[in-house]
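Below is one structure, written out as structure tokens, with a few remarks after it.
Read the figures in this text as sums done on the coordinates, not as results from a lab. Keep in mind the model is a prediction, meaning the values are calculated, not measured. Here the Cβ positions follow ideal geometry from the backbone for every residue, glycine too, while neighbour counts run over all protein chains shown.
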Amino acid sequence: MPAPSARPSSRSSRRAPELRFGDRWTFDPAPETADPKLKPRYDLFINGRFTAPKSGRYFETINPADERKLAEIALAGAADVDAAYAAARRAFPAWSRLPGAERGKYLFRIARLLQDRAREFAVAETLNGGKPIKESRDFDVPMTAAHFFYHAGWADKLEYVAPGARVAPLGVVGQVIPWNFPLLMLAWKLGPALAAGNTVVLKPAETTSITCLKFAEILQEAGLPPGVVNFVAGAGETGAAVVAHPSADKIAFTGSTEVGKAILRSLAGTEKKLTLELGGKAANLILDDAPLDQAVEGIVNGIFFNQGHVCCAGSRLLVQESVAEEVLARLRRRIATLRVGDPMDKNTDIGAINSRAQLKRITALVASGVREGATLHQPACVLPEKGFYFRPSVFSDVTMSHRIAREEIFGPVLSVLTFRTIDEAVEKANNTAYGLSAGVWTGKGSRILKLSAELKAGVVWANTYNKFDPASPFGGYKESGFGREGGRHGLLDYVRVG
Amino acid sequence: MPRLTVTKTPKPYVGGAFIRSESGRVFPVHDARGAFFAHVPQCSRKDLRNAVEVAAKAGPGWARRTAYNRGQILYRLGEMLEARRAEMIDTLARFGAARAAATREVDAATDRLVHYAGWADKYEQVLGNVNPVASPHFNFTVTEPMGVVGVIAPDAPALLGLISLVAPVIVSGNTVIVLASEKTPYPAVLLGEMLATSDLPGGVVNLLTGFRRELLPTFATHAHLRAISAAASADERQALRLGAAESVKRVRFTELASPADWLGAGGQSVHAIRDFVEFKTIWHPVGA
């Protein structure tokens, strides 16, 4: 919307009263109460069975919202990873030869079974990961089921994946997933791998293993043949064992660019296939003719969705100078209304930061922003005493050389920069080693098409942000990794074309 | 008295010009019978970096050409090769290919250019997609060139190997730096003369002659090279992958064991084009 002075109507003199909520209205708690049906202890899932780790070691997993212990998770060592790969290898011939339609029916079953237990899984996801229940309930779990449903239908149609070529499964796939979308990342990995006829060894993130191991219950309920999917829990050492295992025909990794590069080095000299979905520092461009009300909602969703623990988060806001002041003012008003706190509360917008380590990293980067001269805006919301929380934060007066404009923060922290011309916006947006995603806000269709062609990123959201779908390929340019997940393109990374 | 022939000074084609190495170095090339043929520039790492610079400058313009135009230019390159077919066959034969094999190689190389010329305005329709998302958005996936790509051509077949690796990379709008066959560099020099008359803008294809051992590490690590397409030995593969890790460079190896393998249909595919494009997915609201 243009500034009021641009409109010579009588309305221009009457500015709408500002609606301010923030902490002025107290909300009654609205806790989600469904039973997550947690077990006190989770074992590894190998060859269709829950299996105690050979080392006998377990580690605690907590609720980041209150730091209380939720369960013990089996720690997979090299011998357990071996056993998982052996099971996957044994399962491969029969699974890959199964008619595609039959393989697909297992995946359809899995989707349906997850839908049946959706609320239980949503609660477990929120308890272990810290994300608001409204997100795990309305996004993570339904989207996970949708991914299985989508890929199920591909299993008997693989000849359409690579036109003019034959495709074959790769074999055993090792997969390592992050903690920001534990179930959804599992679905992004398992869906295409299984549809294409591969078998899998997957490691969930150390801090969020519960829903993965709960998911093994669904695989059992679906009657999935033993060994087709194996879960090994643990931290970096377990991940390294999964990646380095000689039995893996392909590795798929989602996580930091730093670890991605280490994986690239460790796989040099092998013939393993690899896909990497790594970090990002997405530019979200607000042009002077953008619909500002919509844009502000999009900015908020772009950076505060899932506490900003999103590799494609719109963490660099590039605003055209003529509307920068207006956008920043609206943004500051909007973040004052965000409700930060108990993730299990249905009204919560921003839940808990996933771990103490991540909170430390966010805190350190925000401190660097202040030190380097940017201006920090935070609402004065009250944070719970226990647990890991961070206020929604917006930095103005940011320059391209600031760390907060270059490094992935992976938290609820937005850096606002300005530009004068569209060429300058493109230059700034592309001036990064990353290239995962970008956003464009403008009222003009031709500008959208021009900018979406010029922004070097694998996903471009025009007048929207952070939208995902199983049919929509996702993945990056440059140091954001390679390969795609979702859609026909995602399947291509799980087959041999020839 | 027999007339003394005027011999050619072989100069590789870089940035639309025929260059010597900035290092001033050359290495002697002998024909199959062991007779001295010429000195060929031994391009340096600095030559490679210079070539990357001109290729990066040429990239946006080449990528902005219409697909139809890129197709016509690749076809024109085929025309140039066909027109100098006899000379190219003589050259390959001079450096050791049997005459029949040389003929097959040149004809296959020409046909390969025509094949990829035809793909220019079609691969997008085969590789791109409109995606039926479950929300009110128009969602589509298109391809984009990666940028500057390094090509490590096989030693043999010197011409067909090079063209088979270069054509699928440039057809989508990438620009390339090619390291020509070390053993038989002259066919690439000759090809450069055809490139110069093919309407291909300068800087789109840049050919370097020189030593693999010296140049491969810089191909692997140069951050502005977004991808590598190589026919390489096991050791070279490992070194290329290790060097490419820091810039998360895309590295593809062509596994064709014998020179004869390059001749067949296995030497060309739309999936070779796919290997050197990025997929970009765009979301646009519908009705909002």
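Descriptive notes on the structure:
- Other protein chain Cβ atoms within 10 Å, averaged over every residue that makes up B:269-275: 3
- Cα gyration tensor category, rounded, prolate or oblate, for the range A:153-284 with a/c compared to 1.5: rounded
- Dimensionless Rg ratio for the range B:179-283, taking C-alpha atoms and the 2.2 N^0.38 Å reference: 1.19
- Structure-based [θ]222 nm, chain A - -39500 (n - 2.57) summed over DSSP H runs of at least 4, per residue, nearest 500: -11000 deg cm²/dmol
- Sparsely packed GluC sites (Glu not before Pro) within the range B:1-91, loop by DSSP, other Cβ within 10 Å at most 16: B:E22
- Comparing Cα centroids, the range A:75-129 and the range B:100-122 end up 46 angstrom apart.
- Of B:F36, B:F276, B:F138, the one that fluctuates the most in a GNM where chain B has Cα springs shorter than 10 Å: B:F138
- For the range A:175-189, 3J(HN,Hα) per residue [Karplus equation, 6.51 cos²θ - 1.76 cosθ + 1.60, θ = phi - 60°, Hz, x = Gly/Pro]: 10, 10, 10, x, 9, 7, 9, x, 6, 5, 5, 4, 5, 4, 7
- At an R0 of 56 angstrom, the distance between the Cβ atoms of B:R85 and A:D156 translates into a FRET efficiency of 0.70.
- Among beta bridges identified by DSSP and lying wholly in the range A:280-462, the antiparallel ones come to about 10 percent.
- Loop-located GluC sites (Glu not before Pro) across the range A:30-110 with a Cβ neighbour count of 15 or fewer within 10 Å are A:E67, with loop assigned by DSSP.
- Amide H contacts of B:N131 (H built 1.01 Å from N, under 5 Å, at least 5 apart or other chain): B:N139, B:F140, B:T141
- Shielding of B:236-244 by partner chains, average beta-carbon count, 10 Å: 3
- Sequence-separation-based contact order of chain A, relative, with Cα cut under 8 Å and 6+ spacing, percent: 18
- Cα pair distances of chain B binned at 10 Å [whole percent]: 7, 29, 35, 19, 6, 3, 1, 0, 0
- Ranked list, fewest to most other Cβ atoms within 10 Å of each Cβ, for A:L376, A:L75: A:L376, A:L75
- Antiparallel content of DSSP bridges confined to the protein assembly as shown, in %, to 5: 40
- Cβ-to-Cβ counts within 10 Å put B:L162, A:L449, A:L414, B:L256 in ascending order as A:L449, B:L256, B:L162, A:L414, the fewest first.
- The three principal axes of the C-alpha atoms in the protein assembly as shown carry coordinate ranges of 109, 72, 44 Å, sorted with the longest axis first.
- Listed cross-link partners A:K478/B:K122; A:K456/B:K249; A:K214/A:K386; A:K281/B:K57; A:K360/A:K478; A:K346/A:K467 are compared with a 19 Å cut-off, the Cα-Cα value being larger for A:K478/B:K122; A:K214/A:K386; A:K281/B:K57; A:K360/A:K478; A:K346/A:K467.
- Computed over the alpha-carbon atoms, the range A:280-462 gives an Rg to Rh ratio of 0.95, Rh here being the Kirkwood radius from the mean inverse distance.
- Amide H contacts of A:F474: A:E485, A:G486, each under 5 Å away and 5 or more positions distant or on a separate chain (H built 1.01 Å from N in the peptide plane; Pro and chain starts excluded).
- For B:M146, A:M143, order by how many other beta-carbon atoms lie within 10 Å, fewest first: A:M143, B:M146
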